[in-house]
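Everything below concerns the one structure shown next.
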Amino acid sequence: MNERWKKMDEQDWIIRELDQLFDSSRDYKQKALLKAAADLIKEQETRKEQLQGELDGTLWSPGNWGN
């Protein structure tokens, strides 16, 4: 299995688990922590993809090939 897909599956699983815990929780502070954790994981993945795209663009830029 492709490593990237494996990580996406793991991320999806974690988000689903956090969402289930959020739905079953009755404590406001716990719900806030669970939501923040899920949001952080999603944001980290977004930033990772953006940085990968930036790196790919830099490496494949013909202007940088002679450097």
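Computed from the coordinates by the stated procedures, all read-outs in this text should not be read as laboratory data. Because the structure is predicted, anything quoted here is derived from the model rather than measured. Quick reminder, even Gly has a Cβ in these numbers, built from the backbone with ideal geometry, and neighbours come from all protein chains shown.
Placing dummy labels 7 Å off each Cα toward the beta-carbon, the span from Asp27 to Glu54 is 3.8 nm. Couplings 3J(HN,Hα) of the range 23-32, computed from phi: 5, 8, 7, 10, 9, 4, 5, 5, 4, 5 Hz, in residue order, whole Hz [Karplus 6.51 cos²θ - 1.76 cosθ + 1.60, θ = phi - 60°; x for Gly and Pro]. For the range 9-19, 3J(HN,Hα) computed residue by residue from phi via the Karplus equation (6.51, -1.76, 1.60; θ = phi - 60°) reads 4, 5, 5, 4, 5, 4, 4, 4, 5, 4, 5 Hz, glycine and proline entered as x.
Residue by residue, the range 33-48 carries 3J(HN,Hα) couplings of 5, 5, 5, 5, 5, 5, 4, 5, 4, 5, 5, 4, 5, 4, 5, 4 Hz when phi is fed to the Karplus relation 6.51 cos²θ - 1.76 cosθ + 1.60 (θ = phi - 60°); x denotes Gly or Pro. Segment Thr46..Ile14, full-extension length gain: 10.0 nm, with 0.36 nm per residue of separation and the alpha-carbon distance subtracted. Each peptide among 34-44, 20-30, 53-63 gets the average number of other Cβ atoms lying within 10 Å of its residues, and from highest to lowest they stand as 34-44, 20-30, 53-63.
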